[in-house]
Structures are given as structure tokens and as C-alpha cells.
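Q: Attaching a single structure in C-alpha cells format; questions to follow.
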Amino acid sequence: MQFHNFELERFQSDFERTVEYNLADSSVQCVNVRELLPADAIEQLLDTQLFYPEVNGTTLLRERIAALYPQANSRNVLVTVGAAQANSLICSTLLEAGDEVIVISPGYRQVWGMARNLGCRVKELHLLSQDGWKLDLAKLTSLAGPGTKLIAVVNPNNPTGTVLSREEMQHIVRICEATGAWLHADEVYRGTEMHQEETPTFWTQYDKVICTNSLSKAYGLAGLRIGWIVASQEMIEAFWRRHEYAVIAASGPSMKLAEIALQSDRRQMLLDRQKQLSRTGHKMLADWIHDQHGLFSTHPAAATSIAFVQYHFDMPSIELADEIRRRASVLVAPGALLGSEHHLRLAVGYPAEKMQTALSRISKAVSELGVKKSFVTMKAV
């Protein structure tokens, strides 16, 4: 069977350590251990035993995760090595060759790639820039049918920063109910909303829903590699069995730090910090775009610390990203690797000085290319 590389991650792996400014990531400036730990927690970390931890996640961590979901308890939670492992477990457990899967594009193409590697038939619902990246529910309804095994959504969305309304969420659930499809809700950006209340979870809205999340995006703790699945106890048991094959367990020290991070005061501190960085970064990006003589545009993101920037000249996004990397030592993510050409994904949740310098370097690199503004018809890839 043909294997499809995870091209976005491969692109980042190849170049993220070779540039001075990496804006290709999808988190905020991450905290260090000193910032995370209150003084009274240092001894807790130092006393952590380095024996095998609980394979499904420590009891305390699963309890703190479950508290974030209505009507959930610790038996509804499996702690994983990041949301990446959580998403992988869902695909390897539910899907087999010939199954039909629906994903949203542009998007983080992990499920898209894993499903194809399993021999599934993958359908894409393409969001359009000219529609403000709004989900077309009529198109989703037409794509889904009795043969649909899984519908995968990311809410809030990576890379567009859009947030589904309650009505849109309910409509997606009704589509899943009508077709019998599983609903996979990747909710790693819950808590990144900049000017509205935290997005509701899909949990409890459907009996075949599986939710994933992690500490990487909203919390700025990507290096802990702690994620989780929230699902029925029966499904958690199935995921747990496969988790044992893949990794045995997540790291014990990481889970201890995760327990501390999900204490109510620590959690609020991390979310507030991330939102402040994101608001400042998005404002700086908007000001920069205003000064670029129409070469770039974007739809304001409602959430996330990333922006999906459209450019208005004719050059493939992989080529443009490579030119920016070589000329400016700034890494940005090509839109083609997220399912939408003539776009770049930029992380904006960094200190102002870093953002200012990186954006100035991008301006200089684009100027050196001598591009001229032109009308570009958006095409999904």
C-alpha cells in the first residue's frame, strides 16, 4: 500500500531548526518549567518516581481532564502522547481499507493522511476564503451518506481560526446521526478564543462522538507531549489496548507537570497568557498587512494564535515559503500543505519584538522577489 508522508510535519522537521525565526508552528510562545511551576509545586516534581506511570494516565490527571467536560469522569479519559497520538489511535481503531472519511480543508492534514494510508476513501469539504472560511453545511450534508464511517472536524479551526456556532455544531451532529458516522472532534484550540467565551465541546452532543485535545496549543506546553481522548468507556478501552502497543504510557514527569497545569489557577494563567500573546500578534499582523500594498490579506481569526494569510501574486506557496526561508531565515507554512494554495500559515503568538523582526524580513524577501499584485483565483489542492 502506498504511504503518504505527513508533508507539513516533514517540511517543519526539515527546516525549523535551520532558521532564525520559526513562524510555521501552530502554538504560542511556550512557557518554561520555571514559569509553569508555583513555588510549592517544585517538590512535587522532584519527588516524582521515575518508574512506569499509570498506562492510561495518572488518576489525578484524568480527573482534572474529565472536569473540563460535562458529565465525564476519569473512565472517559485516556492520556496520550500529544493529540497526534490521540488522533492516530482513533484512525487505527475505527478505520479500515475502503471506509469513507470526510475531512475539512484547509486543515491540519493528519487524519486526511492517516486515512489515506489505511486505504480509506477521503472526501474533503473545502472552506473558501471568499466565504470567510464559513462551513458550508449543505455541502457537508451532500457529501455524507450511509457509507460515511467518520466525519472529522477541528474546532476552532487550524489554520483559519474560525469557530463553529452552536447551531453549526448541532447541524453536524444531525448529519452524523442521520448517516451513523462517527464524529471526531479535534478541540486542541478550545480556550484560544480571543473575544468570546470558550467554545463548547462536542462531548455529550452525540453518542458516537470522540473528542481529542492537548496541552500544546491553548496552554503553550507543546514540549510536554500530553494529549487526551474523551470517549465512552467502551471506546476508551479499545483505544487503551492500542495505546499499550504504541507507547505503553505517556511520560511520568510530563503527566505530573500536566496535573499542575490543569489546576484551576494555573490553567487560567496559561489561557490568559496565550490570549494576550495572540491578540497582540494578530494586531501586529493586521498592521503589517495594511502596509503591504495589497500583496497580502486575511480574514480576522476568532481564535488560535495562527493566521492564514492569502497572497495576491502568482507563485506556488511551497516555492514562496522556500524563498522566504532562504532569503529571510523565517519559516512559514505553505498553504498547499494545509489544503489551500496561495496562502501561508503564520504563527503570531510570539513576543512583539520577534514578530516585528520576522514580518519585516518577510517584507524584504518578497520585495526582492519583485512580485506584483495580481488577481488570484482560489483553488483547493
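Read-outs throughout are calculated quantities, based only on the coordinates presented, and are distinct from any laboratory measurement. What you see is a predicted model; the values in this text were computed from it and never measured. Virtual Cβ from ideal backbone geometry, glycine too; neighbours counted across all protein chains shown.
Q: Expressed as a rounded percentage, what relative contact order does segment 186-251 have, with Cα pairs under 8 Å and six or more residues apart?
A: Once normalised by length, the contact order is 25 percent.
Q: Evaluate E = 1/(1 + (r/R0)^6) for GLN268 and THR141, where r is the Cβ-Cβ distance and R0 equals 45 Å; express this FRET efficiency to the nearest 0.05.
A: 0.70
Q: Using the crude model of +1 on Lys and Arg Cβ and -1 on Asp and Glu Cβ, and no other charge, please compute the dipole size for the chain relative to its Cα centre, in debye to 20.
A: Dipole about the Cα centre, nearest 20: 440 debye.
Q: Antiparallel as a % of all DSSP beta bridges within the chain, to the nearest 5?
A: Looking only at bridges with both residues in the chain, the antiparallel portion is about 50 percent.
Q: Just to confirm my numbers, what's the Cα centroid distance between segment 287-320 and segment 24-48 in Å?
A: 33 Å
Q: Then there's this: Given axes a ≥ b ≥ c from the Cα gyration tensor, I'd like to know whether the chain is rounded (a/c under 1.5), prolate (a/b larger than b/c) or oblate.
A: Taking the square roots of the gyration eigenvalues as a ≥ b ≥ c, the chain is oblate.
Q: How many Lys pairs in the chain lie less than 13 angstrom apart by Cα atoms, where the lysines are 8 or more positions apart or on different chains?
A: Lysine pairs meeting both conditions in the chain amount to 5.
Q: On to the next question. Beta carbons within 10 angstrom, averaged per residue: use that to sort the peptides 129-136, 26-33, highest first.
A: Highest mean packing first, the order is 26-33, 129-136.
Q: So, in nm, how far is label PHE3 from label SER297 when the simple model puts each one 7 Å beyond its Cα toward the Cβ?
A: 4.2 nm
Q: Taking +1 at the Cβ of each Lys and Arg and -1 at the Cβ of each Asp and Glu, which of ALA250, ALA39, ILE318 sits farthest along the dipole of the chain towards its positive end, judged by Cα position relative to the Cα centre?
A: ILE318
Q: Quick one: compute the contact order of the chain, relative version, from alpha carbon pairs under 8 angstrom and 6+ residues apart, as a percent.
A: 23 percent
Q: While we're looking at this one, here's another question. Kindly provide the pair-distance distribution of segment 49-263 built from C-alpha pairs, with 5 Å bins from 0 and whole-percent values in order of increasing distance.
A: 1, 7, 16, 20, 21, 16, 11, 6, 2, 0, 0
Q: Dipole magnitude of segment 49-263 about its Cα centre, charges +1 at Lys/Arg Cβ and -1 at Asp/Glu Cβ only, in debye to the nearest 20?
A: Roughly 360 debye, rounded to the nearest 20.
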